Amino acid sequence: MNFRILGTGMCVPQKIITNDDMATIVDTNDEWIRQRVGIAQRHVCTTESAADLAVGAAQSALENAGVRAEELDMILSATVSGDNISPSIACMVQSRIGATCPAYEINAACAAFIFLLETAAGYFARGKAKKILIIGAERLSGITDYSDRGTCVIFGDGAGAAVLGEGDGYRDCVLHVTGGDDVLHIPRSVGASPFYQNEGFPPYIRMKGQETFRYAVSSITSDVNELLTRNNLTKDDIAFVVPHQANIRIIEFASRKLGIPMDKFVVNIDRYGNTSSASIPIALDELARSGRLKQGDNIILTAFGAGLASAACLIKW
Ligand code: COA
């Protein structure tokens, strides 16, 4: 058995930080951020935890799908900025929404939502699940270095979710991991062991911007082309591409290289910034609720991030 997406949901914290607000924290300005990255504002947590956002997105997706929490057979979450090492966000959501199913978490950074879809596909294929909730939830503000203007203007907090049920919507997926742990890196807090002899790095996002940019453009292009070729589709057969929202210029370069016009790319980076594993499900939720998606449309999700990892999948809506 395969699956289709029954419903989507999202949740972002209330507080909005504009580029002008960021300019009071680091030496930056609205024009630079809009032109170089394409962001106008981002939402950041004040009182909300990552689990709070995940619960909000999960409840919205369940309602949208018309599915009750008790019907779920599995909850899978992804994060790089959860509240705890353990329990996972999936476990916290499970108890807070009143589900009784197993729940666990994966880490594939910004590409994780597609890794979650592919993980879920295994349960459907083996007949082990009829309904699965998947969630990408991030409180990236907790791992952002607000003295580094090269990274702190880029990221935002948020969560996105989808409810999956039996059907034939999920058509194909490509997953790739290559080296590059020095390109994009989020060290864990080093701990206070009296035996450690090295200090480690502070637990904030560290990124080589231009190398990440080049990897992003080339991985989107090759992953989408791989999917098209493998499925005997042309770019004209694709109604929408939902890319990871990291930089508007990455999306524009990929659009040009693929020959797929920008109006087929879903873009909301201007309002949310880069929300890592939440970025694709938030964009997908906005697309689904916009009424622009028609039943039977082919859509491609495409993402890249720390690992370095990239992923893309083909869905028939
Ligand atoms: N405001 C103003 N100036 C800034 C700035 C900011 N927020 N951040 C960097 N700059 C400056 C740099 O200090 C540099 O100044 P200099 O020329 O005086 O040294 C100049 O802008 C150019 O820096 P550079 O790093 O070359 O900029 P860029 O055009 O590559 O843009 C990124 C930087 C990070 C926006 C861009 O590289 C990028 O988006 N990379 C991909 C990131 C990504 O996708 N991350 C997530 C992966 S999941």
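The values are calculated or read from the model by the stated rules, or taken from the named source; none is laboratory data. Everything quoted here is computed from the prediction, not taken from an experiment. Cβ atoms come from the backbone with ideal geometry, glycine included; neighbour counts cover every protein chain shown. Ligands, DNA and RNA are excluded from the accessible area calculation, which covers all protein heavy atoms including side chains. Shrake-Rupley method; radii C 1.70, N 1.55, O 1.52, S 1.80 Å.
Annotations for the structure displayed:
- Sum of side-chain charges, VAL37 neighbourhood, beta-carbon under 10 Å (Lys, Arg +1; Asp, Glu -1): +2
- Each 20 Å bin, from zero up to the one with the longest distance, holds this percent of the alpha carbon pairs of the chain: 35, 58, 7, 0.
- Among the cysteines of the chain, those whose beta-carbon sits 4.7 Å or more from every other cysteine beta-carbon are CYS11, CYS45, CYS91, CYS101, CYS110, CYS152.
- Among 285-297, 222-234, the peptide with the highest mean count of other Cβ atoms within 10 Å heads the list, and the full ranking is 222-234, 285-297.
- Rounded percent of accessible protein surface that carbon and sulfur make up, the chain, 1.4 Å probe: 48 percent
- Sequence ranges 272-281, 82-91, 144-153, 304-313, ranked by mean other-Cβ count within 10 angstrom, highest first: 272-281, 304-313, 82-91, 144-153
- Simple spin-label estimate for THR46 and SER189 gives 2.4 nm between the two label positions (7 Å along the Cα-to-Cβ direction from each Cα).
- A simple count of charges around GLN59, restricted to other residues whose Cβ falls under 13 Å of its Cβ and scoring Lys, Arg +1 and Asp, Glu -1, yields -1.
- Charged-residue dipole, Cβ positions (Lys, Arg, Asp, Glu), region 42-93 about Cα centre, Debye nearest 20: 180 debye
- Unit charges at the beta carbon, dipole of region 271-317: most positive-side option, ALA283, ASN298, ALA309: ASN298
- Calculated [θ] (222 nm, deg cm²/dmol) that DSSP helices of n ≥ 4 give over the chain, each run adding -39,500 (n - 2.57): -9500 deg cm²/dmol
- The chain, dipole about Cα centre (Lys/Arg Cβ +1, Asp/Glu Cβ -1), debye to the nearest 20: 600 debye
- Pairs beyond 28 Å (Cα-Cα), from LYS128/LYS235; LYS131/LYS294; LYS130/LYS235; LYS128/LYS316; LYS208/LYS257; LYS130/LYS294: LYS128/LYS235; LYS130/LYS235
- Accessible area in square angstrom per residue, the chain, 1.4 angstrom probe: 43 Å²
- In this label model, LYS316 and THR234 are separated by 2.0 nm, measuring between points 7 Å along each Cα→Cβ vector.
- Cβ-based net charge around ARG68, under 15 Å, with every Lys or Arg adding one and every Asp or Glu removing one: -1
- Near PHE265, the amide H atoms lying under 5 Å from its own belong to VAL241; only residues 5 or more places off or on other chains count, and H is placed 1.01 Å from N.
- For region 100-198, size of Cβ-based charge dipole, Lys and Arg +1, Asp and Glu -1, in debye: 380 debye
- Annotation: the antiparallel percentage among DSSP beta bridges lying fully within the chain is about 70.
- Each peptide in 99-107, 7-15 was scored by the mean count of other Cβ atoms within 10 Å over its residues; highest first, the order is 7-15, 99-107.
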